[in-house]
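*Asks:* Encoded as structure tokens, here's the structure I'll be asking about.
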Amino acid sequence: MRTGRLFRDSALLATVVIALTGCDDVAPEPPPPPVTVAAMTLVPSRVDLIEDLPGRVAALRVAEIRAQVSGIVRQRLFEQGAEIRAGDPLFQLNSAPFKADTEMAAAGLQHAEAALVRAQVQTRRLEPLVQAEAISRQTYDDAVSQRDQALADVAQARATLARRQLELKFATVDAPISGRIDQALVTEGALVSPTDANPMARIQQVDQVYVDVRQPATSLDAVRQVLASQAADSNSDLPVTVLRSDGTPYEIEGRILFSGISVDAGTGDVLLRILVDNARYDLLPGMFVRARVPRASYADSLMVPQQAVTRVGGKPQVWVIGEGDAVHTQPVELGELIERHYRIRAGLEAGQRVVVEGVERLSEGAIVAPRDWQPTDMTAR
């Protein structure tokens with residue numbers, strides 16, 4: 001019986017030894033391989049937030065050509081659609097009546113001057129006589145009064161002559177401004193007067209033009225900040241680009257002059273006026289265009305692609321690669337979405353590496369094998 005117990009104990013001991021020997025032969029489980037991801041290094045850059053708005057072109061200045069005297073149009077002195085300089089003659093009215101009036105006024109001035117000379121001579125003759133009491137004081141006073149009346153008549157005749165000469169000058173209708181003249185709205189033989197409802201022609205200065213756009217009043221504060229930054233920084237350059245109907249830009253640029261002070265009650269929009277150099281006359285008054293208007297400018301912004309941002313419980317976060325290529329989540333505060341890139345307001349710093357592709361396979365503390373991220377669409381940013 002003792003021999004049987006000893007046998008059983010030996011068998012049990014052998015079994016334990018064999019089991020322990022088998023455990024030593026099992027290899028430990030290897031760590032998981034690094035996750036391959038695409039990452040980018042954050043570099044601060046200048047970001048301009050822009051918006052495309054519809055607008056209409058208006059001439060810098062518009063002058064309506066009107067007659068300042070009544071008369072018959074004798075001749076048109078310009079080519080329709082031509083470039084006009086200020087002071088160029090445009091229409092010639094029948095000047096014969098004005099010449100006659102001018103000559104009549106000149107003759108009236110000569111008559112008044114002759115009467116003045118006679119009155120002055122008479123006054124000088126009577127002055128020693130009244131001192132010697134050879135004539136009455138009343139006679140001398142009458143002569144002085146006639147002299148003064150003659151002097152006033154001369155002044156009136158000169159004013160009349162100047163008025164008639166001005167009317168004669170107005171018989172030639174001149175251009176008040178430089179620009180491009182439109183078609184003539186009157187023909188030879190037409191009777192024109194200063195009270196006419198319609199002008200004789202129109203001149204529009206279009207070497208510079210206005211582009212008037214309308215935008216929601218809610219974005220007015222951002223535009224005012226842009227204007228303030230331009231005024232404070234002489235090196236600030238936020239040009240406005242004018243686009244054709246197909247979206248291609250004109251080879252011209254403009255700048256914001258001011259924003260309107262009233263809001264359209266029907267649409268809630270406010271007027272924004274842009275001054276554009278138009279030396280090649282690409283833009284004509286009345287054209288509808290689109291203006292690419294800057295809404296904000298950030299000097300040192302951190303931008304991350306949209307696919308790099310994940311949300312947990314509605315809160316945005318990104319995966320950041322730390323020491324030893326270990327990743328961890330980093331909550332961020334997002335700004336504007338600009339061409340599929342978020343502007344980071346807070347949460348990240350320049351020089352950090354952010355995972356862009358492969359975020360769905362990551363876990364906190366995982367080791368990654370990063371490679372440089374290359375956007376598939378090079379115009380995405």
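*Asks:* Note down the net charge around A350, summing +1 for each Lys or Arg and -1 for each Asp or Glu among other residues with Cβ under 15 Å from its Cβ. Intermediate results must be reported in sequence, preceding the final value.
*Replies:* Values: positive: R46, R343, R345, R353; negative: D300, E349.
After counting each charged neighbour, the total is +2.
*Asks:* I'd like to compare 132-143, 153-164: which one has the highest average count of other Cβ atoms within 10 Å, and what's the full order after that? Can you show the working numbers first?
*Replies:* Numbers: 132-143: 12.1, 153-164: 16.3.
The packing order, highest mean first, is 153-164, 132-143.
*Asks:* Right, next: Calculate the dipole size of segment 95-170 relative to its Cα centre from +1 charges on Lys and Arg beta carbons and -1 charges on Asp and Glu beta carbons; express the result in debye to the nearest 20. If you can, show how the numbers build up before the last one.
*Replies:* Values: 10 positive and 10 negative charges, 54 e Å.
It comes to approximately 260 debye.
*Asks:* With unit charges on the beta carbons (Lys and Arg positive, Asp and Glu negative) and the dipole taken about the Cα centre of segment 95-170, which residue among V154, T102, V144 sits farthest to the positive side?
*Replies:* The residue sitting most towards the positive pole is T102.
*Asks:* Given R₀ = 56 Å, what would the calculated FRET efficiency be for A279 paired with T376, taking r from the Cβ atoms and rounding to 0.05?
*Replies:* Working: r = 40 Å, r/R0 = 0.72.
Given R0 = 56 Å and the Cβ-Cβ separation, E is 0.90.
*Asks:* In Å and whole numbers, how far do the C-alpha atoms of segment 95-170 stretch along each principal axis, longest first?
*Replies:* Between the extreme Cα coordinates on each principal axis of segment 95-170 lie 56, 13, 12 Å.
*Asks:* Please report the spacing between the Cα centers of segment 328-381 and segment 84-148 in Å, no decimals.
*Replies:* Here the two parts' Cα centres lie 94 Å apart.
*Asks:* Counting only other residues whose beta carbon sits under 13 Å from that of D101, what net charge do I get with K and R as +1, D and E as -1? Write down the numbers at each step before the final one.
*Replies:* Details: positive: K99, R163, R164, K169; negative: E103, E167.
With Lys, Arg at +1 and Asp, Glu at -1, the net is +2.
*Asks:* While we're on this one: Can you tell me the dipole magnitude for segment 288-381 around its Cα centre, using point charges on the Cβ only (Lys, Arg +1; Asp, Glu -1), in Debye to the nearest 20?
*Replies:* My answer is approximately 520 debye.
*Asks:* On to the next question. Apply 1/(1 + (r/R0)^6) to the Cβ-Cβ distance of R56 and E333, taking R0 = 51 Å, and write down the FRET efficiency to the nearest 0.05. Mind showing how you got there, number by number?
*Replies:* On the way: r = 39 Å, r/R0 = 0.76.
For R0 = 51 Å, the calculated efficiency reads 0.85.
Readers should treat all values here as calculations from the given coordinates under stated rules, not as data from a laboratory. All values derive from a computational prediction rather than experimental measurement. Ideal geometry is used to build each Cβ from the backbone, glycine not excepted, and the neighbour counts take in all protein chains shown.
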